[in-house]
Amino acid sequence: MARSSIIVIGASAGGVAALRSLVAALPRTFSAPVLVVLHIGAYRSELPTLLNTAGPVPAKHAEDGETILPGHIYVAPPDRHLIVAGGRLRLLRGPKENCARPA
């Protein structure tokens with residue numbers, strides 16, 4: 001996989017089981033960053049905790065301005081769009097896309 005590879009996954013609230021299965025199959029040495037957007041609206045999200053218990057690649061809610069590191073899973077926080085700009089993560093509260101934020 002190229003150094004500049006980023007894997008982006010989008011799902012609706014029903015996709016949690018599939019995300020957990022995918023993360024469980026990743027090797028500890030997985031080197032690409034993974035960005036996850038789950039359409040849950042403004043509700044509290046435990047997704048990073050669920051992904052951390054499912055597999056070896058560390059997961060966390062993304063932070064605005066954060067540098068994207070290989071081998072990490074970044075989850076869009078509730079009610080924020082997750083954007084990549086200049087090699088950093090940006091969190092925006094722009095218009096909903098197809099009735100959802102994050103999208």
Over region 1-53, how many percent of alpha carbon pairs lie in each 10 Å bin up to the one with the longest distance? 21, 55, 22, 3
With θ set to phi - 60° and the Karplus curve 6.51 cos²θ - 1.76 cosθ + 1.60, what are the ³J(HN,Hα) couplings of region 70-77 in order, to the nearest whole Hz, using x for Gly and Pro? x, x, 10, 10, 10, 9, 5, x
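Kindly provide the trypsin sites (Lys or Arg not before Pro) of region 6-50 that DSSP labels as loop, not H, G, I, E or B, and whose Cβ sees at most 12 other Cβ atoms within 10 Å. List each step's numbers first, then the result.
Working: sites: 20, 28, 44; in loops: 28, 44.
Listed in order of number, the matching sites are 28, 44.
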Can you list the residues, at least 5 places off or on another chain, whose amide H is less than 5 Å from the amide H of residue 73, using H built in the peptide plane? 34, 59, 60
Of the candidates 67, 49, 29, which one comes out as most mobile in a Gaussian network treatment of the chain with C-alpha springs shorter than 10 Å? 29
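Counting heavy atoms of the protein chains only and a 1.4 Å probe, report the per residue accessible area for region 7-92 as a whole number of Å².
Details: 4370 Å² over 86 residues.
Result: 51 Å² of accessible area for each residue.
Hey, what's the Cα Rg ratio for the chain versus the globular rule of thumb, 2.2 N^0.38 Å?
Values: Rg = 12.9 Å, N = 103, 2.2 N^0.38 = 12.8 Å.
The chain yields a ratio of 1.01.
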Over the alpha carbons of region 36-80, what is the largest minus smallest coordinate on each principal axis, giving the biggest first in Å? 27, 26, 11
May I ask what percent, to the nearest 5, of DSSP beta bridges between residues of the chain are antiparallel? 35
Cβ-Cβ FRET estimate between residue 69 and residue 49, R0 fixed at 22 Å, reported to 0.05: 0.70
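Roughly what % of DSSP beta bridges within region 46-99 run antiparallel, to the nearest 5? Provide the component values of the computation, followed by the final result.
On the way: 6 of 9 bridges.
Roughly 65 percent of the DSSP beta bridges within region 46-99 come out antiparallel.
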Accessible surface of the chain, 1.4 Å probe, proportion on carbon and sulfur as whole %: 56
Under a 5 Å amide H to amide H cut-off, with H placed in plane at 1.01 Å, what residues pair with residue 68 once short-range neighbours are removed? 89
Using 0.36 nm per residue, how much length does the chain from residue 93 to residue 13 gain when fully extended, once their Cα-Cα distance is taken away? 26.9 nm
If you plug each phi of region 39-53 into the Karplus form 6.51 cos²θ - 1.76 cosθ + 1.60 with θ = phi - 60°, what whole-Hz ³J(HN,Hα) values come out, in order, with x for Gly and Pro? 6, 10, x, 8, 7, 4, 10, 10, 4, x, 5, 4, 6, 5, 7
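The values are calculated or read from the model by the stated rules, or taken from the named source; none is laboratory data. Since the model is a prediction, treat every value here as computed from it, not as a measurement. Note: ideal-geometry Cβ built from the backbone for every residue, glycine included; neighbour counts use all protein chains shown. Just so you know, the surface numbers come from the protein's heavy atoms only, side chains and all, with ligands and any DNA or RNA stripped out. Shrake-Rupley method; radii C 1.70, N 1.55, O 1.52, S 1.80 Å.
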